[in-house]
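Engineer: Can you keep this structure in mind? I'll have questions shortly.
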Amino acid sequence: MNESKPILYTYFRSSASARVRIALNLKGIEYESRPVNLAQGEQRSADYSALNPSGLVPSLEIDGHRLTQSVAILEYLEETRKSRPLLPSDPLQRARVRAIVGAICCDTQPLQNLRVLLELPESERAGHARRVISQGLAVVEKMLEHTAGRFCVGDEVTLADCCLIPQLYNAHRYDVDFAVLPRIREIEERAAALDAFHRAHWSQQPDCPANLIQ
């Protein structure tokens, strides 16, 4: 296995990138962060398009390989770095984790990401994002009725938490009503106390503008 430090191509606001940042931190994997400024269109540059034809973040260079798509990256890390598992051993619990991952990464975040919002009139973007995120998190909240302990599935952090918490960055940004999401609020509070989540937060990233940090 290639022992060079992994390189993560990321953007401070990207929830998909944050999923991977959290997992890398939880697994104790040191990595180099290389920001790609989505707001300035750096993802469309020839250099980045050669790295990732989709023009999306994250991309991860690890073990001599170049990986794209956050969930595929999470699964690769889980399969190759087993010392800190992020999937339960029980098949049913693993399926529940993946169901929550899908509810966020397939059914919610892609419908409110930057690429979609830029297709809308500026006056409609915040309302669209708030509506999509609210609907998606309402589904996750119902799922948590049957799966949650201290975290999304049971009492240990899993890939579901790695995906949920970054989606909440966007929920706060677009003023989603958390009063109707009590289980999600509790999980967010518990995750915030963990260093791996703190270091992955958008405000802690090297490309986060100083004026956004309060």
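None of the figures in this text is laboratory data; all of them are computed from the coordinates on show. Computed from a predicted model, the values in this text were never measured in an experiment. Using ideal geometry, Cβ is built from the backbone for each residue, glycine included, and neighbour counts are taken over all protein chains shown.
Engineer: Taking the Cα centre as origin and putting +1 on Lys and Arg beta-carbons and -1 on Asp and Glu beta-carbons, what dipole magnitude results for the chain, to the nearest 20 debye?
Structural biologist: Here the size comes out at about 100 debye.
Engineer: For a paramagnetic label modelled at 7 Å from the Cα of residue 141 toward its Cβ, which residues of the range 162-205 fall within the zone defined by backbone nitrogen distances under 12 Å?
Structural biologist: Output list for this probe position: 176-186.
Engineer: What share of the DSSP beta bridges in the chain is antiparallel, in percent to the nearest 5?
Structural biologist: Antiparallel bridges make up about 60 percent of those DSSP assigns within the chain.
Engineer: Given 10 °C and 1.306 mPa s, how large is the Stokes-Einstein diffusion coefficient of the range 1-85 in µm²/s, with Rh as the Kirkwood radius over Cα pairs?
Structural biologist: This corresponds to a translational diffusion coefficient of 123 µm²/s.
Engineer: Something else: Take every Cα pair under 8 Å in the chain that's 6+ residues apart, average their separations, divide by the length, and report that relative contact order as a whole percent.
Structural biologist: 25 percent
Engineer: GNM, the chain, Cα, under 10 Å: largest mean-square fluctuation among 153, 116, 139?
Structural biologist: Of 153, 116, 139, the Gaussian network model singles out 116 as fluctuating most.
Engineer: Using the Kyte-Doolittle scale, which helices in the chain average at least -1.0 and also have C-alpha atoms spread 27 Å or more along the helix axis, with helices defined as whole DSSP H runs?
Structural biologist: Membrane-span-like by this criterion, though nothing is claimed about a membrane: 122-147.
Engineer: I need the P(r) histogram for the range 100-159: all alpha carbon pairs, bin width 5 Å from 0 out to the longest distance, whole percents.
Structural biologist: 4, 18, 23, 19, 14, 10, 7, 4, 1
Engineer: So, R0 is 45 Å and r is the distance between the beta-carbons of residue 46 and residue 213; what FRET efficiency does that work out to, to 0.05?
Structural biologist: 0.90
Engineer: I would also like to ask the following. Can you divide the C-alpha Rg of the range 30-153 by 2.2 N^0.38 Å and report the result to two decimal places?
Structural biologist: Ratio of Cα Rg to 2.2 N^0.38 Å: 1.25.
Engineer: Counting only trypsin sites (Lys or Arg not before Pro) that sit in a DSSP loop (anything but H, G, I, E, B) with at most 14 other Cβ atoms within 10 Å, what is the longest stretch of the chain containing none of them?
Structural biologist: Segment 1-81 is the longest.
Engineer: OK, next. Starting from the amide H of residue 59, placed 1.01 Å from N in the peptide plane, find each other amide H under 5 Å away whose residue is 5 or more places distant or on another chain.
Structural biologist: 9
Engineer: Among the GluC sites (Glu not before Pro) within the range 109-156, which fall in a DSSP loop and have no more than 13 other Cβ atoms within 10 Å of their own Cβ?
Structural biologist: Those satisfying the criteria are 119.
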